[in-house]
Structure formats: C-alpha cells, structure tokens
Amino acid sequence: MTVFGRNAFTNVSVELKSPRDFDAFRAALEANPALNLEARRERDQVEGRFKGFKALLNFAAYFVGAIMAVGATLGAVNSLYSIVDARRRELATLRAIGFRLGAIVAATLVESMLPSPYPGALLGAALAWIFFHGMAVSPFGFSFQLDVTPQLAGIGIVWALAMGLAGGLLPALRAARVPVTTALRAT
C-alpha cells in the first residue's frame, strides 16, 4: 500500500477449510451492508488479471499463423501449377479415355492435400507436442505452462488440409479446363 500510495486493500486472499465453504463465505460478505466487497475464487481472479495478456497472445498467434498459412498456400499453388503443367499430357489422356472433369479436379485436389500438408501437419503436431507440451514459460513476468492438446493438434491438421484444398483448387480447375487436343500436342 505504501508503494502505490493507497490507504485501502484492493485484494485479500482467504483460505477456507473446504471449497464447499465458498458459497457460505460469499453470502456472509454480501449480507454485511458495511462491507462493499466481492468474493471470487482464485482461479476467476487470476483469469481476470490475465485476460488482456491472453488476448494479446491469441492475436499474435493467429496473426502470425494466418500470415504463415497464406505463404504456405501460395507456395502450394505455385508447386501445383508446375505439377499440372508437367502432367498436361497425362491429364489430357485421362480425359480422352473418358474421365470426367470432376474426376480430374478431385484427383488434383487429393494430390494437393495428401502428399504434403497431411504428413507435414502430423509431423508439426508431433514436434509441437515433443518440444512444447508441459513447458513452463514466463514472458513479461507472467508464468504459465504450455499445453499442446489433441484438440489443438486437430485444429492444426484441419488448417493444413484446408490450406492444401485452397492451394489446390485453382490448379485443379486449370487441369480440368485444358483442351484435350491442345494438351495432347504439348511436349
């Protein structure tokens, strides 16, 4: 109180005999009109203090993640355009023997999602769990423990597949639109 020049307490911690006693303690504080106090569990108090910091960390994580996802998607688009151009004759042959446009698009999309993004996402989730799960960090004086949950790993895998799908859509449509005669004449 002397450091901040205050003459009143802003926070008092109370240890109760049992967690079940909290409701009775709160009711006793609220019943006394002379006291203008609010009783909160310690977990709620800590979450309230960290709310702004948590929002900042979430913003930074999603912002950086979105930039990386866009970069990865553009890289995938570039690679898939090269693959489609290199396999132009093969795709035209498939169309000439009766494969429909939808099958060509689906095959190209599967190729854009399974060979790279899926194994890469699994590897990334495994490495995140190995290196960061349970790690204690203390940025800016706040201490907390990192937790890589199966739900977070699942979100990462779904994002990787979505980026593979988004990156493969335009090359897949291009592969299906190439005229068969033009593609068969290509060298």
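The values are calculated or read from the model by the stated rules, or taken from the named source; none is laboratory data. Small disclaimer: the values here were computed from a predicted structure and weren't measured. Here the Cβ is made from the backbone with ideal geometry for all residues, glycine too, and neighbour counts use every protein chain on show. These accessible areas exclude ligands, DNA and RNA; they are computed on the full protein's heavy atoms, side chains included. Shrake-Rupley method; radii C 1.70, N 1.55, O 1.52, S 1.80 Å.
Tabulated values for the structure
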| quantity | calculated |
| --- | --- |
| In Hz, Karplus ³J(HN,Hα) per residue of the range 59-73 (6.51, -1.76, 1.60; θ = phi - 60°; x = Gly, Pro) | 4, 4, 5, 6, 5, 5, x, 5, 5, 5, 5, 5, x, 5, 5 |
| Euclidean distance of C-alpha centroids, the range 90-119 and the range 1-51, integer Å | 63 Å |
| Accessible carbon and sulfur surface of the chain relative to its total accessible area, %, 1.4 Å | 64 percent |
| Accessible surface, the chain, averaged per residue in Å² (probe 1.4 Å) | 75 Å² |
| Average projection area in nm² (convex hull over Cα atoms of the range 86-187, one quarter of hull surface) | 8.8 nm² |
| 5 Å-binned pair-distance histogram of the chain (Cα, whole percent) | 1, 6, 10, 11, 10, 9, 8, 7, 7, 6, 5, 5, 4, 3, 3, 2, 2, 0, 0 |
| Within the chain, longest stretch clear of exposed trypsin sites (Lys or Arg not before Pro) (DSSP loop, no more than 11 other Cβ within 10 Å) | 101-187 |
| Of the chymotrypsin sites (Phe, Trp or Tyr not before Pro) in the range 6-43, those whose Cβ has at most 10 other Cβ within 10 Å and which sit in DSSP loop | PHE9 |
| Label-to-label distance, nm, for residues given as PHE9 and SER82 (7 Å Cα→Cβ offset) | 6.8 nm |
| Equivalent-ellipsoid semi-axes of the range 1-64, from the Cα gyration tensor, Å, largest first | 30, 19, 10 |
| Accessible area in the full protein assembly, largest first, 1.4 Å probe, for ILE97, ILE157, ILE104 | ILE97, ILE157, ILE104 |
| Rounded to whole Hz, the Karplus (6.51, -1.76, 1.60) HN-Hα couplings of the range 150-165, x for glycine and proline | x, 5, 5, 4, x, 4, x, 5, 4, 4, 4, 5, 5, 5, x, 5 |
| Test item: Cα-centred dipole of the chain, Lys/Arg +1 and Asp/Glu -1 on Cβ, debye | 840 debye |
| LEU56 versus LEU161: modelled label distance in nm, points set 7 Å from Cα along the beta carbon direction | 3.6 nm |
| Separation of the SER18 and MET135 label points, Cα + 7 Å toward Cβ, nm | 4.2 nm |
| Qualifying GluC sites (Glu not before Pro) for the range 16-90 [loop in DSSP, other Cβ within 10 Å: at most 12] | GLU38 |
